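*Asks:* Okay, handing you the structure first.
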Amino acid sequence: MACRECDALQYVPWVEAGHKLLCRECGSFLYRHPRGGIERPLALMLGALLLYLVANLFPLVTLNIGGASRETSLLGTGWALYQHDMKLLGMLVLATTVAVPGAIFGGTLYVLMGLYWKKCLPGMREVLWLLSHMHPWEMADVFIISVLVALVKMSGMAEVIVDGGLYALLGAIVLGIGARAGMDIYLLWNMLERLPGHFHIANGHPDAGH
């Protein structure tokens, strides 16, 4: 493993739960094995995915302006931008607030379920690789901050009603943060390497890994 600070290559042994590993050259943090295994992040990620689905099914806020009501949802926000000659911005909003977070929640849950069952599910290696590169594009938390700022500014012009979708989205983000705090990407790779038959599925060779 290469240290993130000094780039020193070193053999990284397996550490027990509750312990962390430091770089032998500069002493920087390499990875840790949280207590409780993956049961806690698995449960939190399952809850985050369910709440995220609810957030996409129900409106985030309702605006009452002059007796007329208008609801806003996650999908509706990006679609409205797309329809009003802001196609690129609309697609970007849909990708960063709907597609990418959903893929991260679902992909992480898929990997954690395979590790919990100690089975190398089809495509686990590829999914974990994608997850390692997708997190910088997850903007659901930034979207929440933008919505809250907009609500404060619009509260003087219209009656703003916070709907269940926004609460569900907030809950999904909090649970997702809690799940990621209880796992380390290198630990997931290490656990994947220890699964029986993972080379067989990853590389397609019947006898690989035996």
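All of the numbers you see were taken from the coordinates with simple rules; none came from a lab. Here the structure is a predicted model, which means the values were calculated and not measured. Here the Cβ positions follow ideal geometry from the backbone for every residue, glycine too, while neighbour counts run over all protein chains shown.
*Asks:* Rounded to the nearest 0.05, what FRET efficiency do W79 and L53 give with R0 = 22 Å and r taken as the Cβ-Cβ distance? Could you check?
*Replies:* Values: r = 18 Å, r/R0 = 0.81.
It comes out at approximately 0.80.
*Asks:* What distance in nm lies between label points placed 7 Å from Cα along the C-beta direction at W117 and A99?
*Replies:* Computed distance between label sites W117 and A99 equals 2.8 nm.
*Asks:* Roughly how many nanometres apart are two label points built 7 Å out from the Cα toward the Cβ at M1 and R40?
*Replies:* Those two pseudo-labels are separated by 1.9 nm.
*Asks:* Here is a follow-up. Taking a ≥ b ≥ c as the square roots of the Cα gyration tensor eigenvalues, with a/c under 1.5 meaning rounded and otherwise prolate when a/b beats b/c, else oblate, which class fits the stretch 41-111? Present the calculation step by step, with values, prior to reporting the outcome.
*Replies:* Values: a/c = 5.00, a/b = 1.60, b/c = 3.12.
Because a/c hits 1.5 or more and a/b fails to exceed b/c, the stretch 41-111 counts as oblate.
*Asks:* Can you classify the chain as rounded, prolate or oblate using the Cα gyration tensor, where a ≥ b ≥ c are the square roots of its eigenvalues, rounded means a/c under 1.5, and otherwise it's prolate if a/b beats b/c and oblate if not?
*Replies:* Values: a/c = 2.47, a/b = 2.12, b/c = 1.17.
The shape class here is prolate.
*Asks:* Another question, if that's okay. Which are the unpartnered cysteines of the chain, meaning those with no other cysteine Cβ under 4.7 Å from their Cβ?
*Replies:* C120
*Asks:* Can you compute the charge dipole magnitude of the stretch 1-71 about its Cα centre, using +1 on each Lys and Arg Cβ and -1 on each Asp and Glu Cβ, nothing else charged? Give it in debye, rounded to the nearest 20.
*Replies:* 120
*Asks:* What percent antiparallel are the DSSP beta bridges of the stretch 1-94, to the nearest 5?
*Replies:* Working: 10 of 10 bridges.
Around 100 percent of the beta bridges assigned by DSSP in the stretch 1-94 are antiparallel ones.
*Asks:* OK, next. Can you give the FRET efficiency for Y186 and V152, using 1/(1 + (r/R0)^6), R0 = 41 Å, r = Cβ-Cβ distance, to the nearest 0.05?
*Replies:* On the way: r = 40 Å, r/R0 = 0.98.
E between Y186 and V152, to the nearest 0.05, is 0.55.
*Asks:* Let me ask another. Using R₀ = 30 Å, calculate the FRET efficiency as 1/(1 + (r/R₀)^6) where r is the Cβ-Cβ separation of I177 and L22; round to 0.05. Numbers along the way, then the final one.
*Replies:* Values: r = 24 Å, r/R0 = 0.81.
That gives a FRET efficiency of 0.80.
*Asks:* Let me ask something else about it. Add -39500 (n - 2.57) for each DSSP H run of 4 or more in the chain, then divide by its residues: what number comes out at 222 nm, to the nearest 500 deg cm²/dmol?
*Replies:* Details: 9 runs with 114 residues, N = 210.
The per-residue figure over the chain is -17000 deg cm²/dmol.
*Asks:* Counting only GluC sites (Glu not before Pro) that sit in a DSSP loop (anything but H, G, I, E, B) with at most 14 other Cβ atoms within 10 Å, what is the longest stretch of the chain containing none of them? Please list the in-between numbers first.
*Replies:* Numbers: sites that count: E5, E16, E25.
Counting only loop sites that pass the neighbour cut-off, the longest clear stretch is 26-210.
*Asks:* Looking only at chymotrypsin sites (Phe, Trp or Tyr not before Pro) in DSSP loops with at most 16 other Cβ atoms within 10 Å, what is the longest site-free stretch of the chain?
*Replies:* It runs 15-210.
*Asks:* Which of L53, L109, L166 ends up with the largest GNM mean-square fluctuation for the chain, with Cα atoms connected below 10 Å?
*Replies:* Residue with maximal mean-square fluctuation among L53, L109, L166: L53.
*Asks:* Under the rule that an exposed site lies in a DSSP loop and has at most 16 other Cβ atoms within 10 Å, name the longest stretch of the chain with no trypsin sites (Lys or Arg not before Pro) of that kind, not counting the sites themselves. Show your work: numbers first, answer last.
*Replies:* Details: sites that count: R4, R24, R35, K118, K119, R194.
Result for the longest clean stretch: 36-117.
*Asks:* I would also like to ask the following. Once you put a point 7 Å from the Cα of W129 and another 7 Å from the Cα of L88, both along the Cβ direction, what distance in nm separates them?
*Replies:* Label-label distance for W129 and L88, simple model: 3.0 nm.
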